[in-house]
Structures are given as structure tokens and as C-alpha cells.
Amino acid sequence: MNQRYYSLDVFRGATVALMILVNNPGTWSHIFSPLEHAAWHGATPTDLVFPFFLFAVGNAMAFVMPRLREAGNAVFWKKVLKRTALIFLIGLFINWWPFVQWDGDALAFKHWVNPEDPERGIRILGVLQRIALAYCFASIIVYYLKEKSVIVVSALLLLLYWGLCAAFGGADPYSLAGWFGNAIDQRVIGVAHLYRGEGVPFEPEGLMSTLPSIVQVIFGYLTGRYIREKGEVSWLWPRLPNRDGSIYRMLGGLLVMAVLLYVAGLCWGLGFPINKKIWTSSYVLYTTGLALFAIGVMIWYIEVLDVRNWLTRFFDVFGKNPLFIFVLSGLLPRLLGLFRISTGVNDAGETLYTTPLGWFYTHVCARVPGPPEIGSLCYALVFVGFCWAICYVMDQKKIYVKV
């Protein structure tokens, strides 16, 4: 069965739309709790978005990998390394963009390392960089190893990461202060190039936490392969014959694995807490279980019941240009940040400024009746709608940006 399931495209598009939604609130001071990341341990709906996207990357690999195997090693390495480099460099480009920033009343160049503060500079890693690295290593594993070996390697990676955290962490190895990966990131990448969202130099897309994220892509690949073949794979039903391979048996397999991985993640989380920011192995199982459930529901709704409506169309449009629109959603606010609109003066007589998007939030969205979280959400929805309109026009003109 080599048909590309429409539901997988909708799943990918919905994930991209949610990524844009949670990354672009009207104000970070007023966000509904489900749209915020967990403070540390635990998971909110927002914490599902990134692993779902990695899972979707693996889904897509399942439809591409057979062609790469037929083309041979040279084509495989050229394709994978080129794509890895492009995605990684695009992520770095976003972090540096727009290369200048306001310093008082003048625009100043954003240095790789701030000459006035050597501990601050351009962030090297990020969401796209993690996607690039996880995609690269997952591709190599699934290309060269047979299915059972892929499963064994995945399990070993999750166990290895758990062991490293426990063995080399501090007194509380799963805390911000005790997690072993932060010291490695500071030494290898440099303090100046780490994220500071936790108030200290800490990279949530760091080198060591990339290890379990590779498995997230692999699980997506195995799921995509299983769906593509519309039947049981040997590791899922080792004692049952592959009878009619119907879509119902395939859905049953997805939902059984969804429950098993979800419960396994919860159980493992008792000793290795579910945590996105250090991407724990329990978090991989927990989110993969939920992703499998979501995929199963979408296949039932879209493929079995044959539903095609405005909602599936809305997300499908995002799925046609996922990387392009995600990049644009990151570049546009930063670019518009260079355009300043005066909003008065402070007590010291200094001019205060806002950006065009900030003005739109303050003068339009923030005035929506209700608590301030409503206005912040309205802004995010408008921004998502704007991105969708761009994708829709591109789709109508058959413009698809791929790397």
C-alpha cells in the first residue's frame, strides 16, 4: 500500500498551525495555561506540539525512504546531508535575523558574541536545528538497519539517555541545576550561544536531549511505514498472521500501541519525570502514545468516514508548505520589530515605542471584552489566519517550498 494518507498531511498541517499559535501570543504576560509550556516537569497541550511535529517528520520519511533505498547510498547521503544542513542553517538564520537591533535611537549590528557582554550572543540551537539533527540521525538508522534492529537501537537510546542523566546528574539529576546536559552545552556550544528563557544559560534544544528526540522521529517513521503497508508489522503482532491487512486492523494496531506507549510513558515518568525541556525518555513514550492516538482518530475520521470539510482543508493548506510558513512566522515579527511607533514618554522624558504588531495587539485585540488572556489569544488566532492566507494563495498558485 503506497498511497499517501491525506490524514497524515492534515496531521502535519495541524501541528504547524499549533506551533505558530503557541509561539505568537499577543503578550507573554497573559496566556491561557493550556497554551503555556509546563514550568518544568509535566506536560500541557502545548508540550505536545513539538514532539508531534518530529513524529510527523518521521511519518514523511516512511514514504520517501523506499525511493532513497532504490537510488542508492550516494543519493541518500546527498539528500539527507543537504536537507540537514539547510534546515539547521535556516534555524540559525532565524535566530540571527534581522541582524540589527535598536540600541537607543540607533540600529546596531547583532554580533555573534556581544563585545560588551561576552556571555551573550546569537543562539546556535533551536527548534529547526533539533529537527535537522533528529531527522539526520533517524534517517541513517532506518536506512541502514532492519526493522527489528531499529527498534532495539531506539530502546537503547532511550535507556542510555536515562542512564546518563542518572549517572552524571547532580543530587537532583532531573532538575535545571542537576541535569548533566547543561554543562556539556555550556562547554561545547558556549554560554553566549545558549537560550536564557529559564533566567540562566540553558538550552532546551541542547545536544544531549537531542538523543531521545531522534527516537521520536523513528517512532513516526515506524508508524508511517505501518500505515503505508496497511497491515501488521512483525514487531507489533509477532504471533498473529497478516490476514486481510484491512484498515480496521491497522487502526486497531495503532490504538493498541497508543495505549501501551502512553501507559509506559506514565509509568516510566514515576522515576524519570515527563519533561519537555530536557526531553526525557518517558516524555518520548508519553507524547508518541498521544500522537498515535491522534493519527488513529484522524485516519478514522478522514479516511474511513471519508470526511473532507473546511477544517481538514484549513490544516491541509498548512501542511503543503510547513517549513516555509513556520520560518515566515518567525522572521516576520522580528522584521516588523525594527519599525517603531511612538506611544508617548516615560517619567524620565524618554520616548516609548511599540512595534506594528504590538500596536495591533494593544489597539485591537487587547480591547476584546473579557480577561486579557482573551485578547492575547485573539491576536494569536489572527496571526495564524494571516499565515494561513499566505499558504492558501501559495497553494492556489501551486507554489510549494521544499528543502
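Observations on the model:
- Counted residues, segment 129-146 - those being crowded, with 21+ Cβ neighbours inside 10 Å and either of a type in the set (D, E, K, R) or more than 15 Å from the chain's Cα centre (by Cα) (or both): 4
- Residues (aliphatic (A, V, I, L, M) and either free of Cβ contacts under 8 Å to residues at least 12 places away in the same chain or not in a helix (DSSP H, G or I) (or both)) located in segment 62-83: 64, 71, 74, 75
- Within segment 206-220, the residues that satisfy the criterion of being open to solvent by 10 Å² or more (accessible area, probe 1.4 Å) and either closer than 29 Å to residue 246 by Cβ or part of a loop (DSSP other than H, G, I, E, B) (or both) are 207, 208, 219.
- Qualifying residue in segment 33-42 (condition: of a type in the set (Gly, Ala, Ser), more than 21 Å from residue 218 (Cβ to Cβ), touching a residue at least 24 places away in the same chain (Cβ under 8 Å) and part of a loop (DSSP other than H, G, I, E, B)): yes
- Flag if residue 304 is over 30 Å from residue 169 (Cβ atoms) and either surrounded by fewer than 21 Cβ atoms within 10 Å (Cβ to Cβ) or out of contact with any helix residue (DSSP H, G or I) (no Cβ under 6 Å at 6 or more places or on another chain) (or both): yes
- Unique match (being more than 22 Å from the chain's Cα centre (by Cα) and surrounded by 13 or more Cβ atoms within 10 Å (Cβ to Cβ)) among 170, 190, 181: 190
- Listed by first and then second residue, the pairs linking a residue in segment 256-279 that is assigned to a helix (DSSP H, G or I) to a residue that is open to solvent by 40 Å² or more (accessible area, probe 1.4 Å), with Cβ atoms under 7 Å apart and 6 or more places separating them unless they lie on different chains, are 258/293; 262/290.
- For the residues 331, 266, 338, 290, the requirement of being surrounded by fewer than 16 Cβ atoms within 10 Å (Cβ to Cβ) and under 30 Å from residue 163 (Cβ atoms) singles out 266.
- All conditions in (1) out of contact with any Ser or Thr (no Cβ under 9 Å at 6 or more places or on another chain); (2) in a helix (DSSP H, G or I) hold for residue 59, with the sole exception of (1).
- Residues of segment 344-403 satisfying the condition of being among the hydroxyl-bearing types (Ser, Thr, Tyr) and either open to solvent by 70 Å² or more (accessible area, probe 1.4 Å) or under 30 Å from the mean Cα position of the chain (by Cα) (or both): 353, 354, 355, 361, 362, 376, 379, 392, 400
- Residues of segment 43-53 satisfying the condition of being in contact (Cβ under 8 Å) with a residue 40 or more places away in the chain, open to solvent by less than 20 Å² (accessible area, probe 1.4 Å) and more than 23 Å from residue 147 (Cα to Cα): 47, 50
- Any chance residue 285 is touching a helix residue (DSSP H, G or I) at 6+ places or on another chain (Cβ under 8 Å) and part of a helix (DSSP H, G or I): yes
- Neighbours by Cβ (under 7 Å, 6+ apart or cross-chain): first from segment 322-333, among the polar types (S, T, N, Q); second in a helix (DSSP H, G or I): 329/20; 329/23; 329/387
- From the list 126, 121, the lone residue that is at pLDDT 95 or above, more than 17 Å from residue 58 (Cα to Cα), surrounded by 13 or more Cβ atoms within 10 Å (Cβ to Cβ) and in contact with a strand residue (DSSP E or B) (Cβ under 6 Å, 6 or more places away or on another chain) is 121.
Residues are listed down the side, and each one gets a yes or a no for (1) at pLDDT 95 or above; (2) surrounded by 13 or more Cβ atoms within 10 Å (Cβ to Cβ); (3) in contact with a helix residue (DSSP H, G or I) (Cβ under 8 Å, 6 or more places away or on another chain):
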| position | (1), (2), (3) |
| --- | --- |
| 31 | no, yes, yes |
| 55 | yes, yes, yes |
| 72 | no, no, no |
| 76 | yes, yes, yes |
| 79 | yes, yes, yes |
| 92 | yes, yes, yes |
| 95 | yes, yes, no |
| 103 | no, no, no |
| 108 | no, no, no |
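- Residues of segment 33-42 that are more than 16 Å from residue 381 (Cβ to Cβ) and open to solvent by less than 70 Å² (accessible area, probe 1.4 Å): 38, 40, 42.
The values are calculated or read from the model by the stated rules, or taken from the named source; none is laboratory data. Since the structure is predicted, the reported quantities are computational estimates derived from the model, not experimental observations. We place every Cβ from the backbone using ideal geometry, glycine too, and count neighbours over all the protein chains shown. These area figures cover heavy atoms from the full protein model, side chains too; ligands, DNA and RNA do not enter into them. Shrake-Rupley method; radii C 1.70, N 1.55, O 1.52, S 1.80 Å.
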